[in-house]
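In what follows, a single structure is set out as structure tokens and then discussed.
Every number here is computed from the coordinates shown, using simple stated rules; none is lab data. Since the structure is predicted, the reported quantities are computational estimates derived from the model, not experimental observations. Cβ placement follows ideal geometry from the backbone for every residue including glycine, while neighbour counts extend to all protein chains displayed.
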Amino acid sequence: MEYRAWFRCISDECGKTYELDEVIYRCEACGNLLEVTHDIDALRQISPIHWARIFVERYKSGDWPYGSSVWGKKEWVLPKIDNDNIVSMYEGSTNLFWTERFGRVIGLKDLWVKQCGNSHTGSFKDLGMTVLVSQVKHMISRGAPIKAVACASTGDTSAALAAYAATAGIPAIVFLPRNRVSLAQLIQPVSNGAHVLALDTDFDGCMALVKQLTEDNTIYLANSMNSLRIEGQKTIAIEMVQQFDWEVPDTIIIPGGNLGNVSALGKGFDLMYDLGVITRRPRIIVAQAAKANPLYQAYKSGWESFEPVQAGKTLASAIQIGNPVSLKKAVRTLKNFNGIVEQATEDELANAAALADRCGMFNCPHTGVALAVLLKLKESGTIHSNERVIVISTAHGLKFAEFKVGYHEGKLDGVESRYSNPPIELPPEIDKIRDAIDERTQNQE
Ligand SMILES: *Cc1c(COP(=O)(O)O)cnc(C)c1O
Ligand SMILES: [Zn+2]
């Protein structure tokens, strides 16, 4: 069976199509974003049960490249690419963790966290970047005049792009907002040999500049307006359902900035639905930082209007975005998935992350936004105690050590650290140590 995929304009009135080998990010006819579309009839030749069996067989196997949870679903992602051109570091297969104790603390029996940060560069961005960089390598192998790949980033996209480009031997250029990414995020592309440009502007400013740079088609744009990334990121939906033995959860909470990832999540569920692998859709909730909440405001207006905002400084720096590029895709997803948008303040996100850390997690601030939204919606009764809920954890907490340190030192702006636990500094004397331990034990009683 031959499987095929192509770019298609997301506007149904337009629907213009393009080859995946074209260097194109928006529709030439109407300017809308594109999405990768698959030959559904060809995919339907295999039964849902058989697809499920194929994915399970390949899952975490040593069979290159199918052991990667993205490439294990190759026919649903980029069917035509030669395996020789695939640039993979064994993406996906991340833990879907039953947060039993935290769930008990907040009154939820069936609460799970999808640990997307347990990956090569420490965020879910690897899922999409393996697809994009593989397609670039494929195009170069066919003689396309691509000299470099480039992106604007709030830190994680550039880390992923730099790592995959370095693995493939393709030059990478990354635009970062100066002093607005974490130390770990800054040093990742530096270490991987990318051309790192730290600019005195915010993400939206970097994005505008990288768009200008990539008007020259020899520099390939790697931001999520490039829908190849969405194809890789959508596998998270398939993977989670697979991890639940093909059962669909009730509710998924996902932090949103540029809104590519929520679109990807919806796209994965839609494809499973269209192919009969699942028979219902989950509810999807987008969590935004109150300081950068354009989607929340549009939701509150009943989707009547959308206004870009000037994103304020937020601890959730990877979602500090005022003009999300995938807005239309995200709104479509939320309408199809009974969607909700909720926001979290700096105080709420930091304390939610810390409370969950107390129960054994180690959350990045963006996951903190999702957890804070979970707490709010549980409180308001929007989420019920017996629902199966998955929180998408988008990055590893270790990438955000400054956030953790600041929290436990009580030094974060606008945050009252309710669960701070700073180290006790003592001379190396056993009596003083015993006293300190006794004091803490008493305080906990
Ligand atoms: C990129 C990113 C997000 C936001 O994803 P979008 O697709 O931009 O909505 C959230 N959390 C982390 C850690 C990220 O790196
Ligand atoms: Zn169009």
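At-a-glance table
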item: Karplus-derived HN-Hα couplings along the stretch 95-104 (A = 6.51, B = -1.76, C = 1.60, θ = phi - 60°), whole Hz, x at Gly and Pro; result: 4, 10, 9, 6, 8, 4, 5, 4, x, 5
item: Only Lys, Arg (+1) and Asp, Glu (-1) charged, at Cβ; the stretch 1-131 dipole about Cα centre in debye; result: 740
item: Dipole moment magnitude, nearest 20 debye, the chain about Cα centre, only Lys, Arg, Asp, Glu C-beta charged; result: 540
item: Sequence-separation-based contact order of the chain, relative, with Cα cut under 8 Å and 6+ spacing, percent; result: 15
item: Reach of residue 80 by Cα under 24 Å, taken over lysines that are not fewer than 8 positions away in the same chain; result: 16, 60, 125, 137, 147, 234, 267
item: Only Lys, Arg (+1) and Asp, Glu (-1) charged, at Cβ; the stretch 312-362 dipole about Cα centre in debye; result: 440
item: Long-range amide H partners of residue 391 with built H, under 5 Å; result: 112, 113, 114, 253
item: Using alpha-carbon coordinates, inclination of helix 327-336 to the longest axis of the chain, degrees; result: 80
item: Phi-based couplings in Hz for the stretch 269-282 (Karplus 6.51, -1.76, 1.60; Gly and Pro marked x); result: 5, 4, 5, 4, 5, 4, 8, x, 6, 10, 10, 8, 10, x
item: Relative exposure of 411, 328, 125, 267, judged by other C-beta atoms within 10 Å (fewest first); result: 411, 328, 267, 125
item: Sequence-separation-based contact order of the stretch 272-317, relative, with Cα cut under 8 Å and 6+ spacing, percent; result: 31
item: Angle in degrees between helix 156-168 and the longest Cα principal axis of the chain, rounded to the nearest 10; result: 50
item: In degrees, nearest ten, helix 125-141 long axis to first principal axis of the chain (Cα); result: 30
item: For the stretch 1-114: relative contact order, % (alpha-carbon pairs under 8 angstrom, 6 or more apart); result: 19
item: Residue (of 120, 442, 62) at the positive-pole extreme of the chain, dipole from beta-carbon charges; result: 62
item: Least to most buried among 342, 387 (fewest other Cβ within 10 Å first); result: 387, 342
item: Qualifying lysines (Cα of each under 26 Å from Cα of residue 109; at least 8 residues distant if same chain); result: 376, 378
item: Of 286, 325, 249, farthest towards positive along the dipole that unit charges on Lys, Arg, Asp, Glu beta carbons give the stretch 242-335; result: 325
item: Selected from 322, 410, 62 as most flexible by GNM, with the chain as the system and alpha-carbon contacts under 10 Å; result: 62
item: Rounded to 5, the percent of DSSP beta bridges in the chain classed as antiparallel; result: 30
item: Helical contribution to [θ] at 222 nm, DSSP H n ≥ 4, -39,500 (n - 2.57), averaged over the chain, rounded to 500; result: -11500 deg cm²/dmol
item: Cα centroid of the stretch 212-233 to Cα centroid of the stretch 162-182, whole Å; result: 13
item: Neighbour-count order for 154, 94, fewest beta carbons within 10 angstrom listed first; result: 94, 154
